[in-house]
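What follows is a short report on a single structure.
The values are calculated or read from the model by the stated rules, or taken from the named source; none is laboratory data. If you're wondering where the values come from, they're calculated on a predicted model, not measured in any experiment. Glycine gets a Cβ as well: all are built from the backbone with ideal geometry, and neighbour counts include every protein chain shown.
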Amino acid sequence: MNRESFVRRILKLPRHAWGHWLGIVGIILTTVFGVLTIGVFLAGLVGFHAGPYSGLVTFFLVPAGFVGSLALIAVGGWLSARRERERGREGIELPVIDFNLKDTRRIVLTVAALTIVNLLIVGTATYKGVHYMDSVQFCGKTCHSVMEPEYVAYSRSPHSRVKCVECHIGPGAPWFVKSKISGSYQVISVMFDLYPRPIPVPVHSLRPARETCEQCHWPEKFHGKRMRVHRRYETDEENSRYTTVLMMNIGGISPGTGDPEGIHWHVNPDVKISYYSDDEKRMEIPYVLVEDELGRREEFVVEEDFSLPEDAELRVMDCIDCHNRPTHIFDDPSWALDEALESGSVPAGLPYAKRAVLRAIKNDYADKDAAGSGIAEAIHEFYDEEHEGLEGVTRQRLDRAVSEAVALYNKNIYPRMNIDWNTYPNHIGHTLFPGCFRCHDDEHASGEGSFIFQDCDLCHTLIAMEEEEPEILEDLDIAP
């Protein structure tokens, strides 16, 4: 084969490979998407962000279009080759590549350079795409209407500086892949409006807390006893405040004896607590199994004749069984108002402030726009019709109360997602929801005659209540 014949055959290769219109479209789109991909990356480097959905365009749609265009070129080449065979041509004879030929070197170097560029674009897009999927913006804002309640609660939580993936996925590739596979249906459900309202909890496929929470927290560490001060307000005219002081027996591994004690005994590494719940929300727990490091087992049931179903799945207790709302915290309306009164955002000097605001924010409203006007109207009606002429009712105090009431509503109530004050139970404590009493009810008994007691002193010790022992509050320097 002479040089002229070789060059002719080499130069004919693109025409045959891309001779189909689909391949030509692929070439044009590859160029366009390649330039766009580089452009959006450069725009991101200088800090340009068009909004919560810009990441989808930057890291998914544009790179996907680039890869898809490359695929069109390949498909075009295949269709062109098939057409040539149908016309009785056996295709192109593959030439012998001779790097002594200038044209061969030029073509090979061009193909190599384009390949490197393609790999850089695809590789960078893949890396940035994975990084974007790990961001709070992707988790909280991309599916805005669905995840808005959880994102707002997260933003004002103690974990607001912890990325969503650090708790929901954790370290390592296996759980990352597993989460993205399970997330595929979530994307479809959002696209076709198939998702439930509200989002059901708990998440049954959540990674065990020992592999996520305990990357930062250390439950076995001896925390000892911690004092908790709770300030609550009555709904009377003076918004009377009372204070309760508790000593919480958090415990851990005692440095003196080496034995586990206190509340954190439940996650002692030498004790395994498993339970069976017969409802999706884990509110009813009829069976508890306790195993120690020596292999001894003790079963606690609420009914003597209870037997586990054959297909029963036992859950090993971990942090999330008590701290089930560590980040996505929705307030109780009464307690939220107590905090607002304590901070002064709702003026405690406004007579009946707690009663007026509590009544207003617990009303049913069609949407948040209706709530904004409805809350203001309800509070003004309360004072205009029921308590007209009360001393201390000023325009400034009313405006502050209305503003905070609307803010509390907007942070906790989402009519579109069917989320209200009591949608998500919080298992810490036992005041608002059963919480600890799901097991500690004096009814779970073992065959050996033991019980899971409901003894208050197991978890906390009451130090003082304001009405009973104000002098103790003064000694603790926490009196009003």
- Task: Looking for whichever is modelled with pLDDT of 90 or more and either β-branched (Val, Ile, Thr) or loosely packed, with under 12 Cβ neighbours inside 10 Å (or both) here; the options are Val152, Val177, Val190. Which one fits?
- Result: Val152
- Kindly indicate whether Leu294 is at pLDDT 90 or above, out of contact with any Lys or Arg (no Cβ under 6 Å at 6 or more places or on another chain) and outside the structural domain of Leu358 (by TED's automatic domain parsing). no
- over 23 Å from His230 (Cβ atoms) and loosely packed, with under 15 Cβ neighbours inside 10 Å - does that describe any residue in the stretch 339-346? no
- Task: From the list Ser160, Ser184, pick out the single residue that is among the polar types (S, T, N, Q) and closer than 20 Å to Asn324 by Cβ.
- Result: Ser160
- Being in contact with a Phe, Trp or Tyr (Cβ under 9 Å, 6 or more places away or on another chain) and exposed (fewer than 14 other Cβ atoms within 10 Å of the Cβ), is that true of even one residue in the stretch 390-411? yes
- Item | Single residue of the stretch 106-133 satisfying the filter (surrounded by 15 or more Cβ atoms within 10 Å (Cβ to Cβ) and out of contact with any Pro (no Cβ under 8 Å at 6 or more places or on another chain)) that is farthest from His328 (Cα to Cα) | Ile107
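Results for (1) assigned to a helix (DSSP H, G or I); (2) touching a residue at least 24 places away in the same chain (Cβ under 8 Å); (3) farther than 30 Å from Ala340 by Cβ, shown as yes or no for each residue.
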residue	(1), (2), (3)
Thr243	no, yes, no
Leu246	no, yes, no
Gly252	no, yes, yes
Gly258	no, no, yes
His266	yes, yes, yes
Lys272	no, yes, yes
Tyr275	no, yes, yes
Lys281	no, yes, no
Val288	no, yes, yes
- Item | Residues of the stretch 259-281 classified as surrounded by fewer than 16 Cβ atoms within 10 Å (Cβ to Cβ), out of contact with any His (no Cβ under 9 Å at 6 or more places or on another chain) and over 22 Å from Gly447 (Cβ atoms), total | 5
- Message: With the requirement that a residue be modelled with pLDDT under 95 and either part of a loop (DSSP other than H, G, I, E, B) or on the phi > 0 side of the Ramachandran plot (or both), what does the stretch 393-422 give you?
- Response: Val393, Thr394, Asn418, Asp420, Trp421, Asn422
- Looking only at the stretch 358-371, and only at residues there that are part of a helix (DSSP H, G or I) and over 27 Å from the mean Cα position of the chain (by Cα), the one that is farthest from Phe330 (Cα to Cα): Ala370
- Taking the stretch 294-333 only, how many residues are part of a helix (DSSP H, G or I) and either touching a strand residue (DSSP E or B) at 6+ places or on another chain (Cβ under 8 Å) or of a type in the set (D, E, K, R) (or both)? 1
- Task: Test each condition in (1) modelled with pLDDT under 90; (2) touching a helix residue (DSSP H, G or I) at 6+ places or on another chain (Cβ under 9 Å) for Arg197 and report the one that comes out false.
- Result: (1)
- Message: Quick check on Gly449: is it part of a loop (DSSP other than H, G, I, E, B), modelled with pLDDT under 90, in contact with a Pro (Cβ under 8 Å, 6 or more places away or on another chain) and of a type in the set (Gly, Ala, Ser)?
- Response: no
- Query: Quick one: in the stretch 200-251, which of the residues that are under 30 Å from Met417 (Cβ atoms) and among the aliphatic types (A, V, I, L, M) is surrounded by the most Cβ atoms within 10 Å (Cβ to Cβ)?
  - Reply: Ala209
- Item | Sole exception among (1) in a helix (DSSP H, G or I); (2) out of contact with any Lys or Arg (no Cβ under 8 Å at 6 or more places or on another chain); (3) closer than 30 Å to Leu408 by Cβ; (4) among the aliphatic types (A, V, I, L, M) for Val203, by number | (1)
- Only listed residue being touching a helix residue (DSSP H, G or I) at 6+ places or on another chain (Cβ under 9 Å), surrounded by fewer than 14 Cβ atoms within 10 Å (Cβ to Cβ) and in the same structural domain as Leu462 (by TED's automatic domain parsing), chosen from Glu310, Glu284: Glu284
- Evaluate the stretch 375-382: report whether one residue or more is aromatic (Phe, Trp, Tyr) and assigned to a helix (DSSP H, G or I). yes
